[in-house]
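Asks: This is the structure I have questions about; it appears just below.
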Amino acid sequence: MLKFDFPIFKTRPYLVYFDSAATTLKPYPVIQAVANWYENCGAPVHRAVYPLAETSTASFEHARGVIARFFGAQPTNLILSANATASLNQVANGLNQSGWLSSDSVILILEGEHHSNYLPWLKLGENKEVSLVFVRLNERGEVDLQNLTSLLDQHKNKIKLFALSQANNVLGSLHDIQAISKLVKQKSPDALVLVDASQSAPHLPLQVVQSGADFMIMGGHKLYGPNGVGILWGNTDALSKLSPTVLGGNMVSSVKKDQITLNELPHRLEAGSPNIEGVIGLSSALSYLENINMNKVTEHTESITLALLEGLKEIPEILIIGNPNPKVGIISFTHTHLHPHDIATLLGEKDICIRAGQQCSGPLHESLNIPASCRISVGIYNDSDDVTRIIDALKTLKCSL
Amino acid sequence: MSQTEQYTIVLEQAQHPEFAGIIENADLISDGANLSCGDEVKWYLKVKDGIIKDIKHDCRSCAICKVSADLVAKQLYNQPVDLLTHIKSEEIIEQIGIHLSPTRQKCARLPIECLPKFEATKGQEQLRLEETEV
């Protein structure tokens, strides 16, 4: 019973939380790690020389090491930011400012991406610095490999990057990153593969180097960690192509009136005071997940999602969008009579939390020709009682009409 | 009455709106959308001698937005066109009759925020011209 690890369920014992794709609830170890840092340290990192600051720096860099190890990465290749959106913008603007992108560059973007992996690239396209080309999703909501192959052949060496998520935040589909990276590298050896793993990392064991991608991005708060921490992993070659997009303290090794020398990785790309307690809290969250074992997490997500799908199929008014992969734990749907906001409000009255709206995925909703959708997303605390509660509540909606 | 029961009443009201529809050859047309939830509202008004002679809303939206639009239309029907700029969202939210969180209040405000802009001092001729600009 993992619910015992999450204090929110002590305060609200009847809470059913199915909005983990937006943000996850926090377990005791994370809350304690954050409180512990404030109670026992609280000093800045990296520059001060007094013992308390040395302790703070050691705790912060230890936390970076724990996060890196969890994803099979080297700590020097792990750039910490404010959130996944900041990291995605950092890559788009960093590649542009370094001159690696030019006006004849082509960037491939997967259809149906979250706004945060779409708008930074759209902005570059609007400014005519690059051309954007969309890669189609197939009927299962996965990357259409035939379309990808043909686009790679068509644009050949002009392709500088393919930006895609590992799991779609509305469709709950899962893309085979290893196969996709291999295909991209075969056809366009210089092209980089950027993967937004925000929705997959909380459910699957993820080894960034083995994935074959060049950049991988995750949001700490979706991994049971505190808000305000984004993770950008890049291989050394890919990171070397990024200009720092934010300038300030920590990212320089020396500054003279007319000359700056940039710091080494990862600090070169981490300007300003970091979210120390957030990073320490995130390392506790990942240690917590490691103790559970990520393979067990995947099994749990799969079994809860399958039970949800089974229950939802019994309600004829509910129309499931796409073909959700049970390993991702995301099911989106519409209702024949009710608007998503009305459903989410009525469930909210019963302390059942689901998402309603466009899930930061306007173009996908446009192409599906629906104004909005409801989204159920699974976390490690969900159990069979939660499944029963939400399915019963959705059946009651049917009766009340 | 519980909040759920109250909300169910709103849902029923939303299924039978009095002023839903479109007006062919409307004098004033406007629309608005709430990007975060996907609600869309369109307004059609027929105006004669400064009076709103007919008004319709076409909502692709949640129940709160639909009921709000209907209450707004009821207030405006057969009233001077000046009233378009004097509809108070607080009053409409109160009339909906259930507690609305700040996020849901946006759903209620959308029909008010996207009402057609009209200057009463301009004549019918001007009004026809503005239709193309909306």
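Asks: Scan segment A:201-220 for residues that are crowded, with 24+ Cβ neighbours inside 10 Å and either outside any strand (DSSP E or B) or within 12 Å of the chain's Cα centre (by Cα) (or both) and report the count.
Replies: 11
Asks: Output the residues belonging to segment B:1-46 that are in contact (Cβ under 8 Å) with a residue 12 or more places away in the chain, farther than 15 Å from B:L71 by Cα, facing chain A (nearest Cβ under 8 Å) and of a type in the set (A, V, I, L, M, F, W, C).
Replies: Selection gives B:C37 alone.
Asks: Test of understanding: among A:S253, A:S240, A:S284, which residue is modelled with pLDDT under 95 and not charged (D, E, K, R)?
Replies: A:S253
Asks: Here's another thing I want to ask about it. When you go through A:R69, A:R47 one by one, which is the residue that is outside any loop (DSSP other than H, G, I, E, B) and basic (K, R)?
Replies: Checking each option against the conditions leaves just A:R69.
Asks: Here's something else I'd like to know. Filter segment A:132-181 down to the residues that are touching a Lys or Arg at 6+ places or on another chain (Cβ under 7 Å), small (G, A, S) and over 18 Å from A:P363 (Cα atoms) and list them by number.
Replies: The answer is none; no residue qualifies.
Asks: Scan segment A:261-273 and give yes if some residue there is of a type in the set (D, E, K, R), touching a strand residue (DSSP E or B) at 6+ places or on another chain (Cβ under 9 Å), under 24 Å from A:M218 (Cβ atoms) and in contact (Cβ under 8 Å) with a residue 40 or more places away in the chain, otherwise no.
Replies: The answer is yes, given that some residue of segment A:261-273 is of a type in the set (D, E, K, R), touching a strand residue (DSSP E or B) at 6+ places or on another chain (Cβ under 9 Å), under 24 Å from A:M218 (Cβ atoms) and in contact (Cβ under 8 Å) with a residue 40 or more places away in the chain.
Asks: Could you please let me know if A:P326 is crowded, with 24+ Cβ neighbours inside 10 Å and either touching a strand residue (DSSP E or B) at 6+ places or on another chain (Cβ under 6 Å) or closer than 26 Å to A:F6 by Cβ (or both)?
Replies: Answer is no for this residue.
Asks: Would you check if there is a residue in segment A:246-265 being part of a helix (DSSP H, G or I) and surrounded by fewer than 23 Cβ atoms within 10 Å (Cβ to Cβ)?
Replies: No; the residues of segment A:246-265 include none that is part of a helix (DSSP H, G or I) and surrounded by fewer than 23 Cβ atoms within 10 Å (Cβ to Cβ).
Asks: In the set A:V133, A:V170, A:V184, which member is at pLDDT 95 or above and part of a strand (DSSP E or B)?
Replies: Testing whether each residue is at pLDDT 95 or above and part of a strand (DSSP E or B) leaves just A:V133.
The values are calculated or read from the model by the stated rules, or taken from the named source; none is laboratory data. Computed from a predicted model, the values in this text were never measured in an experiment. For neighbour counting, all protein chains shown are included, and Cβ atoms are generated from backbone atoms with ideal geometry for every residue, glycine included.
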